[in-house]
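Read the figures in this text as sums done on the coordinates, not as results from a lab. Quantities reported herein were computed from a predicted structural model and do not represent experimental measurements. Cβ placement follows ideal geometry from the backbone for every residue including glycine, while neighbour counts extend to all protein chains displayed.
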Amino acid sequence: MARLPLQGIRVADFTWAWAGPYATMLLGLMGAEVIKIESTKRPDHSRMRSLAAGPTFGGPNQAPIFNDLNLNKMSITLDMTRPKAVELAKRVVRISDVVAENFRPGVMDKLGLGYEVLKEVKPDIIMLSSSAVGGTGPNRHYVGYAPTFAALGGMAHLTGYPDSAPIPMMGSSDLRSAATSAFAILAALYHRAQTGEGQHIDLSSTETIAVLVGEAFLEYTMNGRIPTREGNRDRIMAPHNVYPCQEENSWVSIAVATEEEWQALCHTMGDPAWVKDEKFSDAYRRWQNQEELDRLIGEWTINYSPTEVMEKLQKVGVAAVPSFSGLELFQDPHLKERGFAKEVQHPAIGKRLVVNAPWKFSATPAEVSRYGPLLGEHNQYVFGELLGLPQDEIQRLVAEGVIN
Amino acid sequence: MAETALAGLKVLEYAQFVSGPYCTKLLADLGAEVIKIEPPGRGDEARRREPFLNDVPHPERSGLFFYLNTNKLGITLNLNTATGKKMFKELVKETDVLVEDNQPRVMKEMGLDYESLKDINPRLIMTSITPFGQTGPYRDYKAYHLNTYHGSGLAKILSYVLPDEVKRPLKGPGFIGDYDAGLNAAIATMAALYSRLFTGMGQHIDISKQESLIALERVEIGMYGNEGDSMMSTVMLSGMVGGLQPCKDGHVVLCLPMEHQWEALIKLMGNPDWAQDERFKDELDRAQHAKELNENIAQWTMERTKDEIYHQAQALSCPIGAVTTVADLVASEQLEARGFFVEADHPEMGRVKFPAAPYRYSKTPWRIERPAPLLGEHNEEIFCHRLGYQKEDLVRMRAAGTI
């Protein structure tokens, strides 16, 4: 089998909920050995029953959301209220390259697992601490979840239609924070490989959202304007919107940037009389009159399916793509050919389709290779094989409730 | 000055607008040397994009271009000319990474696809970012940010919360989906670089913007693949306690999945009688009666400002966030204390204030060394001092439209 890009990297993963686990899962997809440290007393949020858990949920080992955010990982159980468990956690850190955690700032210190302690245990350790608003500053103890990150990061205010309320995105804000964490860890790993130096990374989930709307800040700092919601519109391009298609709630997105594209669109629509109207004679006028323009284009798209419009327009070099539903993504021939989803056999849930790794490496493949672990599934491997504890000691630790 | 994380790393960028430039900006800001190649004359598409300083459209005054190209060197090169191609290959020979965002067939037609370039530099890591990836029936399809966002399924997911009369699929704000693809590409690029330390081998990375975005809603989208529908679209949104609520001067967002957080909210609201009702006993009860419950919460939030609610809630560890504007963030004490905004001098724009990075490294800090490059600003430095051309050559190349 080909070598995976992060083969040989081990991650001691203390994260939970969404933003932390997906960060280390990204490393796991690329071949890192990720050891999730949890406990039966305090399982990961996503192992627990909740509104969002879905109809397949059946307990901590039968939680589809947990599975989806912890693929390719291992799990050990340690009751961190026990001093012996903390010592074992340190032994896992000693044989790891990376530590990741997303508790409220200060919690790891209280557990006796702060960076200052861990760098004594493993001097070149890279430790990522991900929190709601960062580990410094007056609000460092504040807590949050994806929707509050989106709100506090300035994104919710910019998301929606001009006449609608702001929209705090849901889970995707956690995964954006996670992707940023993965990048930050990889840069630190690269530095460590060059210099032998480890370090601590303090990441703010709120800030990970804010940097993704960077130009909105410059609009304010340069020109004093506060940008707000713009729906599907663009500042320059028109047409630039979604257009209704034949079936109910089916839509196609069309964006036109150049005169050439506009001409091709007109021609494909059969050059109806209205396209010659002075109101639509140049890009500026089309932008000014885009409401009427959108209505007229919609009278053409309504006769077709989104895919039909895409095929007609892409053939002549116009950017048209359906607004896919989740279901349609699984039926799309392009995504099918690219293998965007993969079936995983889970011992408690059964067959489960999951979204695959979002990159294709030509030499070092990276993909989903195993289900999200059962609670403590790898206690034997980690405590026995990796740490070399004798069997009777492991049994004693289980009996004492340290490994639990 | 402290060392940077990516010191010594050489990156070549042949990309425009947001995704490719954001990918290499992430590397440049951590110390990599990024040489940005722009087409002569017009330059990067982002130079023609708002916001412009004082609303004067000018290729050296775009805030979008500035933000996405900090810490880079800029050169101009026309890759459609034989000389341009030759010089490009000379640069490829010396680089660790090439990031590009052209249609797959364009790079092939120019003879600059990975298969051709790896012969020049077997250690090359080439990262290609396109709307639909390098393979599959849509590989050469055209898509702007609007189209990739809708094509990923994320736009329909965003529309769940809209009232029925305006329920149309909605793109994310600004160019967020393009930033997402750039970040995703940076992750893969760093992993390939790490791998190369041990294998000595370069490789080609295929990044699809569509798949970069799908990954961000993997839980929601995965449910469609298995259940044919999602909990988020049905139960979750109608049954969520809190969510977005109006207040005196805007909105707040409440997200209270844990029992103790619900208890904190009740305490925050001063233990109102209605909260003791049997119907609101546990999470599933509350979900059943979420509409009524949220009306009660809204009555309370409406009488307060978003900042009052935010800070008072957080004092009780109740996860509430204020819906902030960019102005709120620029004025934020928290961000100020963390040095989130930095300033840099630009020859045409003067002093510009912009967001730095969302991470603080204890040893290798993010830093701003130079603003975004002017068009062709480093032609002489790269072509003469690096590749060994004469200054007179540059004059002739300019006349020939090569640079």
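Per-structure values
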quantity: Student exercise, the range B:240-330 dipole from Lys, Arg, Asp, Glu Cβ charges, in Debye to nearest 20; calculated: 180
quantity: Projected label distance in nm at residue A:385 and residue B:90, using a 7 Å step from Cα toward the beta-carbon; calculated: 5.3
quantity: Percent of C-alpha pairs per 10 Å bin, the range A:273-404, short to long; calculated: 9, 20, 19, 16, 13, 9, 8, 5, 1
quantity: Net +/- balance of residues flanking residue B:392 in space, Cβ distance below 15 Å, scoring K and R +1, D and E -1; calculated: +1
quantity: Estimated dipole of chain A in Debye, rounded to 20 [Cβ of Lys and Arg +1, of Asp and Glu -1, Cα centre]; calculated: 1340
quantity: P(r) weight above 16 Å for the range A:94-157, C-alpha pairs, percent; calculated: 53
quantity: Reference-scaled alpha-carbon Rg (2.2 N^0.38 Å with N residues) for the range A:150-267; calculated: 1.47
quantity: Helix axis angle, B:19-29 relative to chain B longest principal axis, alpha carbon, degrees; calculated: 80
quantity: Alpha carbon centroid spacing (whole Å) that separates the range B:201-233 from the range A:130-146; calculated: 28
quantity: Mean ellipticity per residue at 222 nm, deg cm²/dmol - from DSSP H runs of n ≥ 4 across the protein assembly as shown, formula -39500 (n - 2.57); calculated: -10500 deg cm²/dmol
quantity: Cα gyration tensor category, rounded, prolate or oblate, for the range B:226-285 with a/c compared to 1.5; calculated: oblate
quantity: Paramagnetic reach from residue B:298 in the range B:245-262 [backbone N under 12 Å; point 7 Å along Cα→Cβ]; calculated: B:245-247
quantity: With Cα atoms, 0 to 90° folded angle of helix B:176-199 axis to chain B main axis; calculated: 60
quantity: Value of Rg to Rh for the protein assembly as shown (Rh from inverse mean 1/r over Cα pairs, i.e. Kirkwood); calculated: 0.96
quantity: Sequence-separation-based contact order of chain A, relative, with Cα cut under 8 Å and 6+ spacing, percent; calculated: 20
quantity: Too-long pairs where the Cα-Cα distance tops 21 Å, listed order kept, from A:84/A:110; A:336/B:209; B:171/B:306; calculated: B:171/B:306
quantity: Diffusion coefficient, µm² s⁻¹, Stokes-Einstein with Kirkwood Rh over alpha-carbon pairs of the range A:1-89 at 37 °C and 0.692 mPa s; calculated: 238
quantity: Largest to smallest principal axis extent of the C-alpha atoms in the range B:281-403, angstrom; calculated: 80, 30, 28
quantity: Rounded to the nearest 20 debye, dipole of the protein assembly as shown from Cβ charges on Lys, Arg, Asp, Glu; calculated: 1620
quantity: Pairs of Cα atoms farther than 19 Å apart, the range B:1-120, %; calculated: 49
quantity: Sorted largest first, extent of chain B alpha carbons per principal axis (Å); calculated: 84, 47, 44
quantity: Computed log₁₀ I(q)/I(0) - Debye formula, equal Cα scatterers, no solvent, the range B:240-330, q 0.13, 0.23, 0.26 Å⁻¹; calculated: -0.39, -1.19, -1.49
quantity: Compactness of the range B:40-185 as Cα Rg over 2.2 N^0.38 Å, two decimals; calculated: 1.26
quantity: Distance from the range B:254-330 to the range A:221-260 (C-alpha centre basis), Å; calculated: 34
quantity: Reciprocal mean inverse distance between Cα atoms of chain A - Kirkwood radius, Å; calculated: 24.1
quantity: Whole-number percent relative contact order across the range B:1-154, with pairs defined as alpha carbons under 8 Å at least 6 apart; calculated: 22
quantity: Proximal aspartates and glutamates relative to residue B:291, as straight alpha-carbon distance under 14 Å, when same-chain residues fewer than 8 apart are discounted; calculated: B:283
quantity: Kirkwood Rh, Cα atoms: Rg over Rh of the range A:240-325; calculated: 0.94
quantity: Relative contact order (%) - criterion: Cα under 8 Å, at least six apart; region: chain B; calculated: 20
quantity: Amide H partners (placed H, <5 Å) of residue A:251, local residues excluded; calculated: A:245, A:323
quantity: Kyte-Doolittle mean at least 0.0, axial Cα span of 18 Å or more - DSSP H helices of chain A; calculated: A:172-195
